[in-house]
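Novice: This is the structure, below, for whatever I ask next.
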Amino acid sequence: MTLSKQFESTAQHSSDDWYALVSTPRPGSSSLGQAMKLAAWVAVALIALNLFAPGAPTLLERVFASAILASLALPVWLWMSGADRSIPFMPFLTMVFAYYFALPLFLLRKFAVGMFKPPIPSHYIELALGYSLLGLYCMFAGYYGPARWLFTPILPRFNMQWRDLRVVKLVALTLGFGGLFISSSHVLSFLPLTLEQIGVFAADLSMVGICILVALQLTGRLDWITAAFLWGFLIPVRIGVGLETGSAASGLIVGVAVAMTFASVRRSIPWKMMALGTIAFFILRPAEIPYRAATWGGRYSDAGVIEKARMFGDIVYRLTVGGAVRPEALIEMASLRLAQFTLFAEVIADTPAIVPFWAGGSYYPILFKPIPRVILPDKPEEVTGQTFGHRYGVISVENIGTSINLPQIVELYANFGLTGVIVGMFLFGLIYRILIEMYVHPGMGLGALVGGVYVLSRMLDVGSAASMSLGLIPWSIIFIAILHLVMEAAEISAMAPQRQKLVRHA
């Protein structure tokens, strides 16, 4: 049975066909054979990584890192089997967490916070990995635990039914084009600081439009010309525009949102797509260094989008096909920038022996995130990365241009110690579940699916401070709500001529 026919048949048995697609497991996905296959793949991957590890980690380091990587199988299995009837947010989040706090252990030769920094003693690395594993399962407890049912009855449920497919496609294409124009032009540079956040969400219009079109295409509701345009132009150009900013994450987040939409509708995680994304990351991360040097204040800082894209492509070519850097060096450079367990170990070593606990001080910016700068022009700037880097000596005192990412679990420890890790990670898991419950439910509609993917994809950035992700929740919800109103207005406007014809015939 094709997916489009399955889509039509499920609609006959459910008041919301989109919820039926998202929540219904694929036949055979919970079988013993599938479980054994998943376990086998995890075992093979762990054996290969342990055999490859060039840095000679200790036995305890290997055990903790392997356990974090193996933990990915738990949310994947719960989602595949239908025990977790929602979009596959937790499998994606666990994968990101494992990339930050486990995978680099098997790829790095030296465990340090920087290329020219001294190695961190194994004792603190072991503690960082052990606390990371503990925090991960505390997050699982908050996400899958019974506490979420206490909040479900009082949660608002977003019903975003978009029924006129012709209007939906037209609006999605408009969003895609509009967002690309805003992202690729210098429109945002002319906005005053008070409207900066509006500009950021305006640039995200393309991501929302792309996710809508992907969902329609996967259910057989998109013509082949538009589908070819989507995959051949909109998606690659939007990813390229994100990479043009000098941040691999800005481009890859689009691919992650597309992958999450794909997995939600098809009820199957696109492992090949994720593998290609991982390979791309290990190429793009090292390419960021020379690209940023040239475009962030360098001689290409005033270059156009096309010229910057050409230069970035040239850097990637030289790093790969051109052989300017050996493959093992590329892996080392990317892993060094990816690794967050080393930063965690540094914080554990210095807190509170040298640096006192922050006692909640780093969460202060969250209080001001919901307040627009138009209303509060003197709203404090988000400088957590600078404060953290100077506080722990990761960057020099005179360096005021470099910002160091403060991972959420590291931030919890820096504020409240191990107790903060346990309680905070549990609360994070609970918040994630509450957000999903607001969007994924019977009667949700296509709009809620796209909205849930957009809002939750912003929560995947566990490598940044909590204020950077959690602070975006209120405005992300409002952003999607406004787009829903626009879509409803467009559908009503499209129905007006038909109503007029019916009145004339009557």
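The values are calculated or read from the model by the stated rules, or taken from the named source; none is laboratory data. The structure displayed is predicted, hence computed values, not measured ones. Reconstructed Cβ throughout: ideal geometry from the backbone, glycine too, with neighbour counts over all protein chains shown. These accessible areas exclude ligands, DNA and RNA; they are computed on the full protein's heavy atoms, side chains included. Shrake-Rupley method; radii C 1.70, N 1.55, O 1.52, S 1.80 Å.
Novice: What dipole magnitude, in Debye to the nearest 20, does region 360-503 give about its Cα centre under +1 on Lys/Arg Cβ and -1 on Asp/Glu Cβ? Don't skip to the answer; put the middle values down first.
Specialist: Working: 8 positive and 9 negative charges, 69 e Å.
With only Lys, Arg, Asp and Glu charged at Cβ, the dipole is about 340 debye.
Novice: Within a Cβ distance under 12 Å of I436, other residues only, what is the Lys/Arg minus Asp/Glu net charge? List each step's numbers first, then the result.
Specialist: On the way: positive: R85, R148, R157, R433; negative: D84, E437.
Here the charged neighbours net out to +2.
Novice: If you count, for each residue, the other Cβ atoms within 10 Å and average over each peptide, how do 257-266, 74-83 line up from highest to lowest?
Specialist: 257-266, 74-83
Novice: Among (1) 180; (2) 195; (3) 156, only one was calculated for this model; which label is it, if the read-out is volume of the Cα convex hull per residue in Å³?
Specialist: Computed from the coordinates, volume of the Cα convex hull per residue in Å³ corresponds to (1).
Novice: How much net charge surrounds P407 when only other residues with a Cβ under 12 Å from its Cβ are counted (Lys, Arg +1; Asp, Glu -1)?
Specialist: -3
Novice: Can you give me the distance in nm between label points at A48 and I198, each placed 7 Å from the Cα along the Cα-to-Cβ direction?
Specialist: The two pseudo-label positions are separated by 5.0 nm.
Novice: Still on this model: Cross-link candidates for K110: which aspartates and glutamates have Cα within less than 16 Å, leaving aside residues fewer than 8 places away along the same chain?
Specialist: Hits, sequence-local ones excluded: E61, E126, E328, E332, E346.
Novice: Check cross-link reach from K169 to the aspartates and glutamates: straight Cα distance under 20 Å, and skip same-chain residues fewer than eight apart.
Specialist: E8, D16, D17, D204, D223, E488, E491
Novice: Can you work out the Karplus-derived ³J(HN,Hα) for every residue in region 52-68? Use 6.51 cos²θ - 1.76 cosθ + 1.60 with θ = phi - 60°, whole Hz, and x for glycine or proline.
Specialist: After applying 6.51 cos²θ - 1.76 cosθ + 1.60, I find 7, 2, x, x, 6, x, 6, 4, 5, 4, 4, 5, 5, 5, 5, 5, 5 Hz.
Novice: Would you mind finding the longest exposed-site-free stretch of the chain, with exposed GluC sites (Glu not before Pro) meaning DSSP loop and at most 13 other Cβ atoms within 10 Å? Walk me through the numbers before you get to the answer.
Specialist: Details: sites that count: E381, E398.
Within the chain, the longest run free of exposed GluC sites (Glu not before Pro) spans 1-380.
Novice: In whole percent, and with a 1.4 Å probe on the protein chains, what portion of the accessible area of the chain is carbon and sulfur? Please report the intermediate quantities before stating the final value.
Specialist: Working: 15670 of 23230 Å².
Carbon and sulfur atoms account for 67 percent of the accessible area of the chain.
Novice: Below 12 angstrom from the Cβ of A227, what's the summed charge of the other residues (Lys, Arg +1; Asp, Glu -1)? Before the final figure, lay out each step's value.
Specialist: On the way: positive: K169, R221; negative: D223.
Here the count lands on +1.
Novice: Let me ask you something else. How much accessible area per residue does region 25-146 have, in Å², with a 1.4 Å probe?
Specialist: 43
Novice: In region 270-368, which chymotrypsin sites (Phe, Trp or Tyr not before Pro) are in a loop and have at most 16 other Cβ atoms within 10 Å, using DSSP for the loop call? Don't skip to the answer; put the middle values down first.
Specialist: Numbers: sites: W271, F281, F282, Y291, W296, Y300, F312, Y317, F341, F344, F357, W358, Y363, F368; in loops: W296, Y300, F357, W358.
Sites meeting the loop and neighbour criteria: W296, Y300, F357.
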